Structures are given as structure tokens and as C-alpha cells.
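Since the structure comes first, as C-alpha cells, the remarks are kept for the end.
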Amino acid sequence: MSRYELILEAGRTESNYWRDLWRYRELFQVLAWRDISVRYKQTLIGFAWAVVRPVLTMLILTVIFGRVAKLPSDGDAPYALMVLAGLLPWTFFSTSLSDASNSLINNAHLISKVYFPRLIVPVATLVVAMFDFLISFSVLIVMMLAYQFTPSWQILLLPAFALLAFFASLGPSLWITSLNVKYRDFRYIVPFIVQFGLYLSPVGFSSSVIPPQWRLIYSLNPIVGVIDGFRWCLLGESKLYLPGLGVSLLVTVFFLWFGLWQFRRMEKRFADLI
């Protein structure tokens with residue numbers, strides 16, 4: 001007969017936390033697949049919603065900024081393509097922030113009964129946002145074919161900026177998620193942040209329209225560097241603003257550290273607070 005030894009040791013959970021993330025990888029897969037299934041199960045238009053939403057947003061922003069405000073497009077790319085290329089990372093960021101903020105509360109029944117690294121829950125919601133991103137990316141490919149627009153060699157660097165978009169979304173998501181467990185009114189603040197951030201970020205326009213003396217400060221918004229990088233990779237815009245990209249990268253690293261620190265600091269009380 002096999003014998004098992006149960007070890008109770010103070011601090012063992014803390015010392016094995018990151019190893020437990022790997023041990024509970026199957027739970028991560030289950031939660032991610034469950035969230036994807038719930039999002040598209042019993043919906044009227046199903047996967048088409050992931051296509052309709054970015055297309056409608058692109059049309060509205062193109063009319064407002066391209067036709068009414070007559071802002072210029074960077075390079076030779078049509079204005080609609082420029083907007084959609086910026087909309088992809090922004091939609092991923094906003095969806096991640098919105099879904100992750102309520103992820104722990106929506107899984108309260110699981111968190112209050114079973115031990116596992118709570119970090120799995122909000123990170124699993126980012127996988128769902130990435131799934132939407134891939135569907136929206138297929139729309140961009142179709143539009144590029146329709147405009148007969150061929151990307152240049154920079155597209156090879158797109159995975160690096162997609163990874164940057166993931167980390168730029170992860171840090172703020174973890175921070176907002178941990179605060180929302182203790183202060184439930186954050187669920188009303190997040191939609192306002194998302195709506196306000198859409199117009200503060202260069203989604204409907206090129207960041208080149210920002211005056212040079214303000215552009216470095218403008219890049220303190222971490223999603224600015226991500227959007228500029230996406231457009232540079234997909235549309236081959238003439239020049240990538242490297243100082244702004246560096247600032248956005250530093251802010252992303254800071255928020256990633258701060259979000260992890262805040263999440264881990266409050267994680268022990270999640271079961272009690274929920």
C-alpha cells in the first residue's frame with residue numbers, strides 16, 4: 001500500500017507559490033476555456049460580435065477623426081487601416097481590464113473553498129481577451145487584402161509588441177482586480193477609465209499629431225508605445241518614436257511590478273473579503 005506524508009510547514013505556500021502556478025496549469029486551462037465558452041455560448045451572433053464591435057468602432061473613429069477633424073494618417077496607409085491597427089491592442093487592453101476586474105468576485109465560490117494561486121484567475125481572463133484579439137486581427141488581414149496593402153519586413157516584430165501589449169494589460173489588471181475585491185465600487189470606475197482612455201490614447205489618430213514638446217509625456221500612457229509599435233509593424237509607418245517607446249516600456253515594467261506586488265500583498269485576504 002502506498003503511503004503519503006502530509007507536511008505542515010509555516011511559509012511553505014509562499015515559498016512554493018510560483019511552482020504552484022505550474023502545478024495548477026490544468027486549472028488555468030479549464031478556467032480559460034470555460035470563460036471562452038461562456039462568452040460565446042447562447043449568444044445571438046456568437047463569434048460575429050468579436051468582428052462587429054471593432055468594425056463599428058473603426059467606422060465611427062474614422063468618420064470623427066479622419067473626415068470631420070481631418071487629421072492626417074501616418075505614411076501611405078488608408079486612415080481606416082491606421083485606426084484598426086491601433087484599435088486591436090487598445091481593445092485587448094480594455095477587455096482585459098474590464099474582465100479581470102470582476103474575475104475574482106465572479107469566482108468567489110471557488111476561491112472561498114479551494115486553495116490555488118489566485119493569480120490564475122485574472123490571467124485566465126487575459127487569454128479570453130487574446131482570443132478576441134485573434135478574431136479581430138483576421139478582420140485587419142481581410143481589410144489589408146481589400147486595400148491591397150502589403151506589410152513590410154517590420155511585421156516580423158509584431159509578436160514582440162503583442163507580448164508587450166499582454167504585459168501592459170496584465171499589470172493594471174492585477175492592480176484593479178485586487179482593489180475591486182476590497183472596494184466594490186471599482187466596478188463602476190473601470191468602465192469610465194476605459195471610455196476616457198480611448199480618447200486619451202492614439203486609437204482614432206496618429207500620435208505624431210501630438211506636439212513634439214508633449215510627446216514624451218504623452219508616452220507615459222503605456223498603451224501609446226504599444227499602439228505605435230503595432231502600426232509600425234503592420235503598416236510600415238516611416239519612423240518609430242523610440243524615446244516614447246522606451247518610456248512606455250518603463251511604465252509597463254513599473255505597473256507590472258506594482259500590480260503583482262499589490263495582488264500578492266492582498267491575496268491572503270481574498271477568501272475573507274469575498
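The values are calculated or read from the model by the stated rules, or taken from the named source; none is laboratory data. It should be emphasised that the depicted structure is a prediction, and the values quoted were computed from it without experimental measurement. When we count neighbours, we look across all protein chains shown, and the Cβ atoms used for this are built from the backbone with ideal geometry, even at glycine.
Structure notes:
- Some residue of the range 160-182 being free of Cβ contacts under 8 Å to residues at least 40 places away in the same chain and charged (D, E, K, R): no
- Lone qualifier among LEU164, LEU158, LEU198, LEU140 - being under 15 Å from the mean Cα position of the chain (by Cα), buried (at least 16 other Cβ atoms within 10 Å of the Cβ), modelled with pLDDT of 90 or more and part of a helix (DSSP H, G or I): LEU164
- The listed residue being under 24 Å from the mean Cα position of the chain (by Cα) and without any contact (Cβ under 8 Å) to a residue 12 or more places away in the chain, out of TRP33, TRP90: TRP33
- Index of the failed condition, THR43 passing every other in (1) outside any helix (DSSP H, G or I); (2) loosely packed, with under 12 Cβ neighbours inside 10 Å; (3) modelled with pLDDT of 80 or more: (3)
- In the set (1) modelled with pLDDT of 90 or more; (2) part of a loop (DSSP other than H, G, I, E, B), ARG118 fails one condition alone, (1).
- Residue check for VAL190: in contact (Cβ under 8 Å) with a residue 40 or more places away in the chain, surrounded by 14 or more Cβ atoms within 10 Å (Cβ to Cβ) and under 30 Å from ALA108 (Cβ atoms): yes
- Complete set of residues in the range 57-75 that are touching a residue at least 40 places away in the same chain (Cβ under 8 Å) and on the phi > 0 side of the Ramachandran plot: GLY75
- Within the range 105-132, residues that are farther than 22 Å from TRP49 by Cα reach partners that are among the basic types (Lys, Arg) and assigned to a loop (DSSP other than H, G, I, E, B) with beta carbons closer than 8 Å, at six or more positions or on different chains, in the pairs ILE105/ARG184; ILE111/ARG118.
- Residue within the range 243-253 that is under 26 Å from ILE105 (Cα atoms) and in a helix (DSSP H, G or I) present: yes
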